[in-house]
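Structure record follows, encoded as structure tokens.
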Amino acid sequence: MLILSLAQLNFRNMKSSKLNFSEGIHAVVGDNAAGKSNLLEAIYLATTGQLQANKIGEAITIAETEAFVSAQIERLDGTSKIDIGLGPGKKLIRVDGQMVRSNELSKVAAAVLICPEDADLIHGSPSRRRSYLDNLMTKVSLRYGMLLREYARTLEQRNAILRHNPQDASLAIWTEKFVVVGEEIMELRQRALGRIADIAKQSYSDISGQDVGTGKELELTLSSGKDKIDLTALLEEKRFEERARGTTLVGPHRDDLIINLGGYSAQAYGSRGEARTASLALRVAEYQLLLKKHGEAPILLIDDFSAELDMSRREYLLQLAADTPQAIVTGTEAPPQYTKAYKVQNGEFLNL
């Protein structure tokens, strides 16, 4: 899969209106805060419909009210044009002129973004880890994305009743719907995590240079456990506390992705280097699952390729880029090998 061109208007500090790309590794070189990461975020938005910070206002150039990105994507079975408009609190997406939802972009495009901030997947909040899992599963399953939207609406309604009138008879109706949708989400998560965990375990071993079984092994589980969840029973246990606090205390929105290294919590005991390696293994798992889904490699976006990685891990990352049909790699200096290079200065992208 390739991005052939990217056009933009008012996206962050970017000034270049259009950039063209081809196969191979594209090096994007510049000082810190020059705009390198903004290019990757624009491409990621155009290919997934997702913003890293998830705040539309922060993606629009200061003093402007709207922004626009457009990408031409080439796949083995054809090409598609993706247009995304950003405005106050809204995001409009079109594929070949037809309005679509964000998760529907996974039919025509795929990209994996690897950045230093990924270490926060390990040491950060449970919501970061849930977002990783939900975003990945949404990319490989349209049904999962639909269930997440339905769950969010149901949770909002149920919480509103708990806050304002927990004796309302409609609480039982929304609770029943909450259980049906929530249990299916948790079942799908458990099923998908088995595949993700196997790939991530092997990837962590490969990245760290240790064979599986000889060093610290990466293990992934859900805090909700491996068995089928009975949300009805859990809600009954929390019934009085939920009414007192006015919010839903159990369910997929409370689950966490538990990450262990060598049998110990990586969140609690992992070093920054181990966190960076573990998060890279998670991104490799994402890459492999998207490769399997599409039958071709996703576009690979690597931000600040040398940050917080020792030589061996950096070489692993650059080899992944070399093995991918198209990779866009940023840094304060260019990687050892590349096909094309851009120099970034104050949001302007110049050919090197």
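Key figures for this structure:
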| item | result |
| --- | --- |
| Where residue 166 falls short, out of the listed (1) over 27 Å from residue 313 (Cβ atoms); (2) in contact (Cβ under 8 Å) with a residue 60 or more places away in the chain; (3) in a helix (DSSP H, G or I) | (3) |
| Selection status of residue 82, within 20 Å of residue 295 (Cα to Cα) and touching a helix residue (DSSP H, G or I) at 6+ places or on another chain (Cβ under 8 Å) | no |
| Cross-chain or 6+ apart pairs with Cβ under 7 Å, segment 287-306 first and within 12 Å of residue 140 (Cα to Cα) and in a helix (DSSP H, G or I), then small (Gly, Ala, Ser) and at pLDDT 95 or above | 290/110; 291/297; 294/110 |
| Residue within segment 169-187 that is part of a helix (DSSP H, G or I) and within 21 Å of residue 292 (Cβ to Cβ) present | yes |
| Yes/no for residue 59 being at pLDDT below 95 and crowded, with 20+ Cβ neighbours inside 10 Å | yes |
| Selection from segment 97-114 of residues that are buried (at least 20 other Cβ atoms within 10 Å of the Cβ) and farther than 23 Å from residue 254 by Cβ | 105, 106, 108, 109, 110, 111, 112, 113, 114 |
| Given (1) surrounded by fewer than 19 Cβ atoms within 10 Å (Cβ to Cβ); (2) more than 17 Å from residue 278 (Cβ to Cβ); (3) modelled with pLDDT under 95; (4) of a type in the set (Val, Ile, Thr), number of the condition residue 232 does not satisfy | (3) |
| Flag for residue 67 being over 20 Å from the mean Cα position of the chain (by Cα) and on the phi > 0 side of the Ramachandran plot | no |
| Residue that is surrounded by the most Cβ atoms within 10 Å (Cβ to Cβ), among those in segment 311-325 that are within 15 Å of residue 281 (Cβ to Cβ) and of a type outside the set (D, E, K, R) | 317 |
| Yes/no for residue 47 being modelled with pLDDT of 95 or more and not small (Gly, Ala, Ser) | yes |
| Per-region count, segment 237-286, residues assigned to a loop (DSSP other than H, G, I, E, B) and surrounded by fewer than 21 Cβ atoms within 10 Å (Cβ to Cβ) | 9 |
| Identity of the residue in segment 311-350, part of a loop (DSSP other than H, G, I, E, B) and among the charged types (D, E, K, R), that ends up farthest from residue 38 (Cα to Cα) | 323 |
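The values are calculated or read from the model by the stated rules, or taken from the named source; none is laboratory data. Just so it is clear, the model here is predicted, and its values are computed rather than measured. Counting neighbours? That spans all protein chains shown, and the Cβs are built from the backbone with ideal geometry, glycine included.
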